[in-house]
1. Of the residues V123, V168, only one is modelled with pLDDT of 85 or more and out of contact with any helix residue (DSSP H, G or I) (no Cβ under 6 Å at 6 or more places or on another chain); which?
2. Answer yes or no as to whether I181 is over 15 Å from the mean Cα position of the chain (by Cα), open to solvent by less than 60 Å² (accessible area, probe 1.4 Å) and not acidic (D, E).
3. Restricting attention to the range 108-126, which residues are in a helix (DSSP H, G or I) and either free of Cβ contacts under 8 Å to residues at least 60 places away in the same chain or farther than 18 Å from I72 by Cα (or both)?
4. I want to confirm something. Restricting to the range 176-206 and keeping residues that are of a type outside the set (A, V, I, L, M) and in contact with a Lys or Arg (Cβ under 9 Å, 6 or more places away or on another chain), which single residue is farthest from L95 (Cα to Cα)?
Amino acid sequence: MNAPVRVLLVDDQHLVRTGFRVILEVEDDIEVVGEAADGQRAVSMASALRPDVVLMDVEMPVLDGLEATRRITADSTPGGPAVLILTTFDRDDYLFAALRAGASGFLLKNGTPEDLVEAVRVVARGEGLIAPALTRRVISTFARPGGAPPDPRHDAATADLTPREREVLELIASGASNAEIADVLRVGEATVKTHVSRVLAKLGLRDRVQAVVFAYEHGVVRPGG
């Protein structure tokens, strides 16, 4: 049996944290290892506890969730925590700032308990997740002229990709799964996983969500392309 996914809950409302704990701890494969009521405490607890997933609110005292996410994901130690943003506020600026900060997922609090549980599992697997209702907005904003400005750290990064790795990046951006990429390229899924890992490493990205944003942001793919 695999070890349970270790989760750190971060929200300034005690009742909200309690609700999340109740939802998550009934699952055999998820364990809540700690709670924090502000972003600063979240950063220190993430460093001390090394959870697999940090479930992060945005608006909090002392240090907001976006800056806390940035500090947590800046730690490049292998196996470091993935951050799943869960917020009441359906705002594009929060969504894009969260992705910039290195969040691996973004959900709204109006989802179901099942949505939350599945999101924790997906992010823990390193796949990344954005609520379906938000995905089209992410792509359209990052893809359109005058959309979200490019991250200067990645200006020439695609030059390091091999032709096959660039092809894999294009397929990731199209929403293809590893199995679908394997079918297109006529290779095994293990080979695809290796290519995906190399693409993420070369571009300094944490997961597939970040890869999709990068691909549209830098013109690797275009809407409808």
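The values are calculated or read from the model by the stated rules, or taken from the named source; none is laboratory data. Predicted, not measured: the structure shown is a model, and the values here were computed from it. Quick reminder, even Gly has a Cβ in these numbers, built from the backbone with ideal geometry, and neighbours come from all protein chains shown. SASA here: full protein model, heavy atoms, side chains in, ligands and nucleic acids out. Shrake-Rupley method; radii C 1.70, N 1.55, O 1.52, S 1.80 Å.
1. V123
2. Considered against the rule, which asks whether it is over 15 Å from the mean Cα position of the chain (by Cα), open to solvent by less than 60 Å² (accessible area, probe 1.4 Å) and not acidic (D, E), I181 comes out as yes.
3. Hits for the range 108-126 are P113, E114, D115, L116, V117, E118, A119, R121, V122.
4. That would be H195.
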